[in-house]
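Throughout, read-outs are computed from the coordinates displayed, never taken from laboratory work. Fair warning: this is a prediction, and the values are worked out from it, not measured in the lab. In this analysis, Cβ positions are derived from the backbone assuming ideal geometry, glycine residues included, and neighbour counts consider all displayed protein chains.
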Amino acid sequence: MATLQEMIAQKAALEKQIEEATSHGRNEAIAQVKSLMVEHGLKASDFGGKAGSAPKSGGKAKTGNKVAAKYRNATTGETWSGRGLQPRWLKAAMASGKKIEDFAV
């Protein structure tokens, strides 16, 4: 039976072989893709999106646009879009008897 040190050395050698095989396969794939791009006169921009990014699957892409405010605190100027949890200032005002319509923009 192998000692612990021998098994650790074997593990390190196997991990190095795995890394080399992965790198070699990746390099071959890149070379093949580049060859096909040259053969067909393609550029990275022909594929849409940014170079090096994988295509996203399904659904609508998020644009990160902000949502317009629907409610505003007149005293502080704080706003809330009506999405997500109600802010503390609105909860406190409603607890004191005001209606949410009082804060509509």
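Some values worked out for this structure:
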quantity	calculated
Flag for T63 being loosely packed, with under 12 Cβ neighbours inside 10 Å and hydroxyl-bearing (S, T, Y)	yes
Residue within region 5-15 that is assigned to a helix (DSSP H, G or I), surrounded by 10 or more Cβ atoms within 10 Å (Cβ to Cβ) and of a type in the set (S, T, N, Q) present	yes
